[in-house]
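Asker: Handing you a structure now.
The values are calculated or read from the model by the stated rules, or taken from the named source; none is laboratory data. Since the model is a prediction, treat every value here as computed from it, not as a measurement. Ideal geometry is used to build each Cβ from the backbone, glycine not excepted, and the neighbour counts take in all protein chains shown. For the accessible areas, the whole protein counts, side chains as well, though only heavy atoms, and no ligand, DNA or RNA atoms are used. Shrake-Rupley method; radii C 1.70, N 1.55, O 1.52, S 1.80 Å.
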Amino acid sequence: MTSYISCNDPEAFFRIIEKQARHYPVEATRITGKEENLCGLFLFRKGLSRPERQKALGRVLKMAAAEPERAPEEGDDPICHVPKTLGEDSCQVTTEERAQLFSFLKRESN
Amino acid sequence: MNKSNTGNASPKIICISSGKGGVGKTSIAINLAAALAKNSRKVLLIDGDLGLANVDVALGINVRHTIRETVEQGRDPLSLLIEIMPGFHVLPASSGVPEMANLSHEEQVFLANTLEDTIDQFDYVLVDSAAGIGESVLWFNDWSQENIIILSPDPTSMTDAYALIKILHSRYGKKRFNLVINSVKSKKEGREVFEGIKAVLKRFLKIEPDFLGSLPVDNHVVKAIRNQKPFLITYPDSRASIAITEIADRI
């Protein structure tokens, strides 16, 4: 079960992700700062080739370079920012599905 | 039905889940195994609730060694099996071990490979999964060839069963689901509940489940559970026993 992470504690968030990554075929590599504090994580699919990793890292560095401009514009703390591409979990039972399930039961009880 | 395994055919692996807890998974899994064994099939029932074992409690058996020893020490699962009656064996889980409910990917792969080496001698392998939609529930369902979903005629059970099916279909590509409706007032109610959830599954997920049957509300079931015995063995002529035998014949 995931518990609420405070937006003021990014290290805790990274540690939780690191722990969850162990359950999947994913490699988590820490990004540490000057004083060995945990700044971030690289998460890669296990078995990725070196060229593929380098390409992916190149894209990440580009995004990171653009971040100081993006964050103030969008008005969100980057740690809490939810990318617009994240849609609803496709497995979530929708209100329409529930309505039909329940309507059947209500018909039965009438 | 399949003939008893001569060692050439692979066993049929069936996962029994529900989403919601307390709808009768363990009781149905145990009695289904007993019904198959009574028909001269060799059955292994795996307690898939790896951290909060139920099967041993429901059968009143004392367990010293569990599947935890396979995961942590590489112990051969064959040495852990408990014979309940001729043809019916149980692979017990551990109780009060949260780590077992959250196995890592490597541990899951190891367990699956080890189990596959163990199960060849059986005709059927039934997995009594945990409640909910946690890791172990999903990967046992993914590992199995067939998926039985148990639900009862109430909104929470139907919603949770639907949610579980949706996850297994959307994320794991499962297309075939066998539904058993438990605790019904009549066969008619069982059929109606099935048709109700089938309509929703068909409309939104484009899948058509199969109806394995329904089990009636039956006092004999409650008595058998309290006595920690399968109702099929203790009350073989009860309505529940007749129903579970019919379900076993359809598998």
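Asker: For the protein assembly as shown, what does the helix formula give at 222 nm: sum of -39500 (n - 2.57) over DSSP H segments with n ≥ 4, over the residue count, nearest 500 deg cm²/dmol? The partial results should precede the final answer.
Answerer: Numbers: 14 runs with 161 residues, N = 361.
Counting only the DSSP helices, I get -13500 deg cm²/dmol.
Asker: Taking R0 as 30 Å, what FRET efficiency do you get between A:S49 and B:E106 from their Cβ-Cβ distance, rounded to the nearest 0.05?
Answerer: Numbers: r = 21 Å, r/R0 = 0.71.
Efficiency for this residue pair is about 0.90.
Asker: Roughly how many Å is it from the Cα centre of segment A:8-27 to that of segment B:111-125, as a whole number?
Answerer: 33 Å
Asker: Residues with beta-carbon under 13 Å from that of A:G58, excluding A:G58: net charge, scoring Lys, Arg +1 and Asp, Glu -1? Show your work: numbers first, answer last.
Answerer: Numbers: positive: A:R50, A:R53, A:K55, A:R59, A:K62; negative: A:E52.
With Lys, Arg at +1 and Asp, Glu at -1, the neighbours total +4.
Asker: Can you list residues from other chains, or at least 5 along the same chain, whose modelled amide H is less than 5 Å from the amide H of B:I46?
Answerer: Those qualifying (amide H under 5 Å, at least 5 residues apart or on another chain) are B:L91, B:L126, B:V127, B:D128.
Asker: Explain nothing, just the number: dipole magnitude of chain B about its Cα centre with +1 on each Lys and Arg Cβ and -1 on each Asp and Glu Cβ, in debye rounded to the nearest 20.
Answerer: Numbers: 28 positive and 29 negative charges, 214 e Å.
The calculated dipole for chain B is roughly 1020 debye.
Asker: Order these peptides, B:71-77, B:146-152, by their mean beta-carbon neighbour count within 10 angstrom, highest first.
Answerer: Numbers: B:71-77: 14.0, B:146-152: 24.7.
Highest to lowest by the protection proxy: B:146-152, B:71-77.
Asker: Which listed residue (B:S40, A:L41, B:V125) has the Cα farthest towards the positive end of the charge dipole for the protein assembly as shown, taking +1 on Lys and Arg C-beta and -1 on Asp and Glu C-beta about the Cα centre?
Answerer: Value computed over the given set: B:S40.
Asker: By DSSP, what percent of the beta bridges with both residues in the protein assembly as shown are antiparallel, rounded to the nearest 5? Don't skip to the answer; put the middle values down first.
Answerer: Details: 11 of 39 bridges.
So the antiparallel bridges in the protein assembly as shown amount to around 30 percent.
Asker: Further question: Quick check: pseudo-label points 7 Å beyond the Cα along Cα→Cβ at A:T32 and B:R171, how many nm apart are they?
Answerer: In this crude label model, A:T32 to B:R171 measures out at 3.3 nm.
Asker: Which of the helices in chain B meet the span-like rule: DSSP H, Cα axial reach of 24 Å or more, Kyte-Doolittle mean at least -0.5? Intermediate results must be reported in sequence, preceding the final value.
Answerer: Working: long enough: B:155-172 (25 Å, -0.01).
Span-like helices in chain B: B:155-172.
Asker: Given the C-alpha atoms of segment B:39-92, compute the convex hull and give its volume per residue in Å³. Show your work: numbers first, answer last.
Answerer: On the way: hull volume 4.4 nm³, N = 54.
It comes to 81 Å³ per residue, whole-number rounded.
Asker: Accessible surface of B:K229 in the full protein assembly, 1.4 angstrom probe, to the nearest 10 Å²?
Answerer: Taking all protein chains as shown, B:K229 has close to 110 Å².
Asker: In addition: Between A:A65 and A:A99, take the C-beta separation as r, use R0 = 45 Å, and let me know the FRET efficiency to the nearest 0.05. Please list the in-between numbers first.
Answerer: Details: r = 47 Å, r/R0 = 1.05.
That pair, A:A65 with A:A99, gives E of 0.45.
Asker: Hey, another quick one. Multiplying the sequence separation of B:S10 and B:R203 by 0.36 nm and subtracting their Cα-Cα distance, what value in nm do you get?
Answerer: Values: separation 193, 0.36 × 193 = 69.48 nm, distance 3.46 nm.
So the chain would gain 66.0 nm between B:S10 and B:R203.
Asker: Going 7 Å from the Cα of B:S40 along its beta-carbon direction, which residues of segment B:226-251 have the amide nitrogen within less than 19 Å of the resulting point?
Answerer: B:245-246, B:248-251
Asker: While we're here: Which three lengths, in whole Å and largest first, does chain B cover when its Cα atoms are put on their principal axes?
Answerer: Computed over chain B, the largest-to-smallest principal extents equal 48, 41, 38 Å.
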